[in-house]
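J.: Quick one: the structure is below, questions incoming.
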Amino acid sequence: MESEIRSIQGLVGLHQNMNLRCGFVCFGIFVFAGAVALGQKTPGQLPQVQAKQSGAVATAEGAGVCTRLAAGATVPEPEDLRSHDGLLRLTLTFHSGVDAAGRKTFCYVDDDGRQEPTLRVQPGDNVVISLKNGATTPEAGSGAQLPTESKNSAAGKPIIEDTGTTAREVCAGAGTKSGSTNLHFHGITIPPVCHQDDVLHTAVQPGHAAFEYRFQIPKDEPPGLYWYHPHIHGSTKVQVMGGASGALIVEGIERVKPELAGLPERVFVIRDQNLLNPNAEPSPEATGKMPPVVLDADGDVKNTGTGTGKPALDLSLNFVPVPYPNYPPAVIRMKPGERQLWRVLNASAITYMSLQLLAQGQAQAMGVVAVDGIPLSQHSLGGAAKVLWQKHLGIPPGGRIEFLVTGPAEGLDASLVTRSVNTGPGGENDPTRPLATIVAKADAPEPRSRLQTAPTATAPTDTAWLGDIQPIRTRKLYFSEVLQDPKDPNSPTTFFLTVDGETPKAFDMSSDVPNIVAHQGDVEDWIIENRSQELHAFHIHQVHFLLLEFFGLPVNEGILRDTVNVPFWDGKNSVYPRVKLRLDFRDPSAIGLFPYHCHLLEHEDSGMMGLIRVDPPVSSPAPGK
């Protein structure tokens, strides 16, 4: 193991000019070696701030239906909507608004006014969601006129001007406009077809009749944290960054991990949004010299490489904002010494998380039990214990992690922070900053949900472990970027995700021609290279994968995931940073046409996406496309 660590550190130093603090485990599981500033030259310091001690939940003004909380408020828990008798049925209305600072807001609200509820289902349950599009301020602000047609509409498709759009027209993307929306159920293994998890053609228009999603959670779906969000190509970033996202939990993790039985659980959704105070000077409490602010072509603050400076975007925790420059932290209340299961979703559009729990300034151990919805198993690092204790957890945009925490002693100075992430010379700035102060008191309120106290153990699976399957083929893909005006470093960027051997081309929503064809039952290895100078997060719909190699070195983490970081290129080395993944197309639910893309959503919106079509199985292996 140590020789592997030294080799990895050497490669990271060669490619990224940094080293690993957290060692192989942090590198392997969370794939932040060469991506996260785990050992930056000048680590960012946390501003010295005081949390509000009031337990009241204050509501900020000016957000309309999509309400937001006041900075420094106690972190609320999302409301739960649970299935009953094998069915979860609900209506969600997609709303839009503008907050007091002029920032666009989006949200899903059910018929009882619950905003972004946590959907809780059992394996095998049926889910029926009626989605209404009540947006009135799609990209242009309050009272804006809806564009006639989005630039992403498929050529030749009709524009629907009345409110009588049929389900067939919705499934065909008819009348796709700037205010269109839909739902993607991230990580769940359900078919990529209309009324289930199609994001390529399904488009629900503002003011039109409700559109019904109906699907079954697979009986063998791993219990864990998934999520739902809009996935309209060209508008995904603005809608997700505006707040349209919520957690989806497949219940029963305590049946797989009996050591979790009876524990209280908390759901934390981290989101990003445009800066509340974009013109503010750095806080005087922030120590160290602040680097100059440089904006990219999208107006986001470029990475400083120091772990400090103005962030590209603000963060919030369950809609409690933690705005630049003073970063007033949210407040998490829990009982002293109480063990809880925290389920953390990074629903940010472009921001990476590098989480630590601090007590008296010292990092505390967090017991990882699941990544991207999949519980750790006997194949994972940690082995039979199935809990991996770490002091540093990285989460890419779209990623999830579930871990055990223990409440600090009463009166102890404790906090949840995100450390700086080195996104590369071309990436956005993600500096060190606090997220929440942890206040431990004996009278802290009980969490909303608690795991079963006497669960029935889940029967062992008879599915062969993915790592033991020989792949039918190996493919190579690569991330790349190009300035639209090579002579202007501030011109807009076009992003590509290309199959090796093909000409880079931005994703075209008007084409259903797949870049890759596979067959159900196949297992494939994919090598993903990064030929750009910023960090990218590879994500594929419908399936999970296993990380096999990083920079050509074997990785023995044994963890299934759906999103993984690919470190940035330094612009000099002849070998591009790369990861090797083993993709699993054995599940029949994977049959169909679906995308893979960078989960930095402005990259996806700007072309960094491709299509794979998984066909029904054939009697003999088919050659790859």
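The values are calculated or read from the model by the stated rules, or taken from the named source; none is laboratory data. Worth saying up front: this structure is predicted, and the values here are computed from it rather than measured. A quick note on method: Cβ atoms are made from the backbone with ideal geometry, for glycine too, and the neighbour counts reach across all protein chains shown. SASA here: full protein model, heavy atoms, side chains in, ligands and nucleic acids out. Shrake-Rupley method; radii C 1.70, N 1.55, O 1.52, S 1.80 Å.
J.: Going through the stretch 421-435 one residue at a time, which ones are of a type outside the set (A, V, I, L, M) and either part of a strand (DSSP E or B) or more than 30 Å from Pro336 (Cβ to Cβ) (or both)?
T.: Filtering the stretch 421-435 down to residues of a type outside the set (A, V, I, L, M) leaves 422-434.
Listed by number, the residues that qualify are Asn422, Thr423, Gly424, Pro425, Gly426, Gly427, Glu428, Asn429, Asp430, Pro431, Arg433, Pro434.
J.: Read through the list (1) buried (at least 20 other Cβ atoms within 10 Å of the Cβ); (2) within 29 Å of Gly426 (Cβ to Cβ); (3) modelled with pLDDT under 95; (4) not polar (S, T, N, Q), then give the number of the only condition that Gly558 fails.
T.: (2)
J.: Where residues in the stretch 55-70 are out of contact with any Gly (no Cβ under 6 Å at 6 or more places or on another chain), open to solvent by less than 30 Å² (accessible area, probe 1.4 Å) and not in a strand (DSSP E or B), which of them is modelled with the highest pLDDT?
T.: Among residues in the stretch 55-70 that are out of contact with any Gly (no Cβ under 6 Å at 6 or more places or on another chain), open to solvent by less than 30 Å² (accessible area, probe 1.4 Å) and not in a strand (DSSP E or B), the one modelled with the highest pLDDT is Ala70.
J.: What number of residues in the stretch 177-223 are at positive phi and surrounded by 19 or more Cβ atoms within 10 Å (Cβ to Cβ)? Walk me through it before giving the result.
T.: Taking the stretch 177-223 as the starting set, the residues that turn out to be at positive phi are 187, 195, 207.
In the following step, the residues that additionally are surrounded by 19 or more Cβ atoms within 10 Å (Cβ to Cβ) were identified as 187.
Of the residues in the stretch 177-223, 1 are at positive phi and surrounded by 19 or more Cβ atoms within 10 Å (Cβ to Cβ).
J.: Could you grab me the full set of residues in the stretch 459-471 that are out of contact with any strand residue (DSSP E or B) (no Cβ under 6 Å at 6 or more places or on another chain) and surrounded by 12 or more Cβ atoms within 10 Å (Cβ to Cβ)?
T.: Trp465
J.: Pull up the stretch 377-411, narrow it to residues that are modelled with pLDDT of 95 or more and of a type in the set (A, V, I, L, M, F, W, C), then point me to the one that is most open to solvent (accessible area, probe 1.4 Å).
T.: Ala409
J.: Give the number of residues within the stretch 336-351 that are of a type in the set (Ser, Thr, Tyr) and touching a Leu at 6+ places or on another chain (Cβ under 7 Å).
T.: Residues flagged as of a type in the set (Ser, Thr, Tyr) and touching a Leu at 6+ places or on another chain (Cβ under 7 Å) within the stretch 336-351 amount to 1.
J.: I'm told Phe496 meets every condition in (1) in a strand (DSSP E or B); (2) open to solvent by 80 Å² or more (accessible area, probe 1.4 Å) except one. Can you identify the failing condition by its number?
T.: All conditions pass for Phe496, except number (2).
J.: When the residues of the stretch 561-577 are narrowed to those that are surrounded by fewer than 21 Cβ atoms within 10 Å (Cβ to Cβ) and of a type outside the set (Ser, Thr, Tyr), which ends up farthest from Ala370 (Cα to Cα)?
T.: Top of the filtered list is Lys572.
J.: What number goes with the only condition from (1) modelled with pLDDT of 95 or more; (2) open to solvent by 50 Å² or more (accessible area, probe 1.4 Å) that Thr456 does not pass?
T.: It fails just one condition, (1).
For every residue, the table says whether it meets (1) in contact with an Asp or Glu (Cβ under 8 Å, 6 or more places away or on another chain); (2) at positive phi.
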| site | (1), (2) |
| --- | --- |
| Val368 | yes, no |
| Ser380 | yes, no |
| Lys386 | yes, yes |
| Gly399 | yes, no |
| Val405 | no, no |
| Pro408 | no, no |
| Ala414 | no, no |
| Ser420 | yes, no |
| Ala440 | yes, no |
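J.: Continuing with this model, one more query. Given the structure, is Leu341 within 15 Å of Ala436 (Cβ to Cβ) and touching a Phe, Trp or Tyr at 6+ places or on another chain (Cβ under 8 Å)?
T.: So Leu341 fails the test.
J.: Separate question: One residue is enough: does the stretch 611-625 have a residue meeting the conditions buried (at least 23 other Cβ atoms within 10 Å of the Cβ) and touching a Ser or Thr at 6+ places or on another chain (Cβ under 7 Å)?
T.: We begin by selecting, within the stretch 611-625, every residue buried (at least 23 other Cβ atoms within 10 Å of the Cβ); these are 612, 614.
Okay, now just the ones that are also touching a Ser or Thr at 6+ places or on another chain (Cβ under 7 Å), so none.
Within the stretch 611-625 (the criterion being buried (at least 23 other Cβ atoms within 10 Å of the Cβ) and touching a Ser or Thr at 6+ places or on another chain (Cβ under 7 Å)), the answer is no, since none of the residues qualifies.
J.: Between a first residue in the stretch 124-135 that is free of Cβ contacts under 8 Å to residues at least 12 places away in the same chain and a second residue that is acidic (Asp, Glu) and open to solvent by 10 Å² or more (accessible area, probe 1.4 Å), which pairs have beta carbons less than 9 Å apart while being 6 or more apart in sequence or on different chains?
T.: Final answer for the pair search is none.
Residues checked against (1) touching a His at 6+ places or on another chain (Cβ under 8 Å); (2) assigned to a loop (DSSP other than H, G, I, E, B):
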| residue | (1), (2) |
| --- | --- |
| Asp508 | no, yes |
| Gln533 | no, yes |
| Phe538 | yes, no |
| Arg582 | no, no |
| Leu593 | no, no |
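J.: For the stretch 317-353, how many residues meet the condition of being within 15 Å of Ile395 (Cβ to Cβ) and part of a strand (DSSP E or B)?
T.: Initially, the stretch 317-353 is screened for residues within 15 Å of Ile395 (Cβ to Cβ), giving 317, 342-353.
Now drop any that are not part of a strand (DSSP E or B), which leaves 317, 342-346, 353.
Result for the stretch 317-353: 7.
J.: Scan the stretch 354-376 for residues that are open to solvent by less than 10 Å² (accessible area, probe 1.4 Å) and outside any strand (DSSP E or B) and jot them down.
T.: The initial filter retains those residues of the stretch 354-376 that are open to solvent by less than 10 Å² (accessible area, probe 1.4 Å), namely 354-355, 366-373, 376.
If the condition is that a residue be open to solvent by less than 10 Å² (accessible area, probe 1.4 Å) and outside any strand (DSSP E or B), then Asp372, Gly373, Leu376 are the ones that fit.
J.: Taking the residues in the stretch 436-453 that are part of a strand (DSSP E or B) and polar (S, T, N, Q) as candidates, determine which candidate is surrounded by the most Cβ atoms within 10 Å (Cβ to Cβ). Steps first, answer last, please.
T.: At the first step, the residues of the stretch 436-453 found to be part of a strand (DSSP E or B) are 436-440, 449-450.
From the residues that got through so far, the ones that are polar (S, T, N, Q) too are 437, 449.
Details: Thr437: 21, Ser449: 19.
Per the criteria, the residue is Thr437.
J.: Which residues, taken from the stretch 499-531, are open to solvent by 50 Å² or more (accessible area, probe 1.4 Å), farther than 30 Å from Ser619 by Cα and either charged (D, E, K, R) or in contact (Cβ under 8 Å) with a residue 40 or more places away in the chain (or both)?
T.: Scanning the stretch 499-531 gives Lys505, Asp508, Ser510, Arg531.
J.: Any idea how many residues of the stretch 239-271 are assigned to a helix (DSSP H, G or I) and either buried (at least 22 other Cβ atoms within 10 Å of the Cβ) or on the phi > 0 side of the Ramachandran plot (or both)? I'd like the intermediate steps shown before the answer.
T.: Going residue by residue through the stretch 239-271, those that are assigned to a helix (DSSP H, G or I) are 239-241, 253-256, 258-260.
Subsequent filtering for residues that are either buried (at least 22 other Cβ atoms within 10 Å of the Cβ) or on the phi > 0 side of the Ramachandran plot (or both) retains 239-241, 253-254, 260.
So the count comes out to 6.
J.: Hey, can you tell me all the residues within the stretch 102-129 that are surrounded by 17 or more Cβ atoms within 10 Å (Cβ to Cβ) and farther than 24 Å from Glu251 by Cβ?
T.: Arg103, Lys104, Thr105, Phe106, Cys107
J.: Continuing with this model, one more query. Pro431: surrounded by fewer than 21 Cβ atoms within 10 Å (Cβ to Cβ) and either under 26 Å from Trp569 (Cα atoms) or in contact with a Gly (Cβ under 6 Å, 6 or more places away or on another chain) (or both), yes or no?
T.: Against the criterion (surrounded by fewer than 21 Cβ atoms within 10 Å (Cβ to Cβ) and either under 26 Å from Trp569 (Cα atoms) or in contact with a Gly (Cβ under 6 Å, 6 or more places away or on another chain) (or both)), Pro431 does not qualify.
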